[in-house]
Amino acid sequence: MILTWYGASCFKIETQDMTLALSPFGKNEALGIAKSPRFKANIMLISQHTPLYNSASGIDNNPFVIDQPGEYEVGGIFFYGIQTPSANTAFVIRSEDITIAYLAGMKDVKLSEEIMRRFENADILIVPSGGDDVYNSSQAARIAAQLEPCLVIPMHYKVSGMKGKWQGVDAFIKEMNAQPESQDKLNIRKRDIPKEGMRVVVLEPQGITKV
């Protein structure tokens, strides 16, 4: 499995047979983003119906769209979406014996019993940490401590050249008291998942064209 981050909450996840697009964003002059990410995908998850999470303009191949809560199975990949008070859908993704908890758009500090039950002890937690309209760094660290994943990947934070009020990733790293692993992409198999502790992986944004 290969995870690529495009900035904001947008990821590409490549499994052996399928490619997923998670929350692709559109052009956003306020944030300094000139255009949408562009790649082919078989499946697209939309966590929130706003331009920062649901722009399909750059996603080719006519993907199957999942934009509502519920249970889905597409191409051997299992999804479970849960509606949150933030008016977004949080997703569990299971493929290649790896479980991913994906919390795009989340700002609810108190997690529901259902989210705790389904997301706790995931192999990988992808969590926003930039603040403003999502978790800030301290809230994101608190969520990671509650869910106890093996790996944590922060998202939705300010990167070089972006505008806006989001925090940078350093604030989250400080809150986690972690030595992060910086990678362009995360190439991972089940046997690579750490059995003890919690690793923080910081992905470099790929393909962002700044205004």
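Computed from the coordinates by the stated procedures, all read-outs in this text should not be read as laboratory data. Just so it is clear, the structure is predicted and the values come from calculations on it, not from any experiment. Because the Cβ atoms are built from the backbone with ideal geometry, glycine has one as well, and the counts that use them run over all protein chains shown.
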(request) Let me know the charge dipole size of the chain about its Cα centre in debye, to the nearest 20, where only the beta-carbon of Lys, Arg (+1) and Asp, Glu (-1) is charged. (result) 520 debye
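Contact order normalised by length for the chain, with contacts defined as Cα pairs under 8 Å and 6 or more residues apart; what percent is it? Spell out each step's value before the answer.
Details: 529 pairs, mean separation 42.2, N = 211.
Relative contact order of the chain: 20 percent.
For region 116-211, divide the Cα radius of gyration by the Kirkwood radius and give the resulting Rg/Rh value with two decimals.
0.97
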(request) Two decimals is fine: what is log10 I(q)/I(0) at q = 0.11, 0.12 Å⁻¹ for the chain, from a Debye sum with one equal scatterer on every Cα and no solvent? (result) -0.45, -0.54
(message) I'd like the antiparallel share, as a percent to the nearest 5, of DSSP beta bridges with both residues in the chain.
(response) 55 percent
(message) Going by Cα centres, region 162-206 and region 13-78 are how many Å apart?
(response) 21 Å
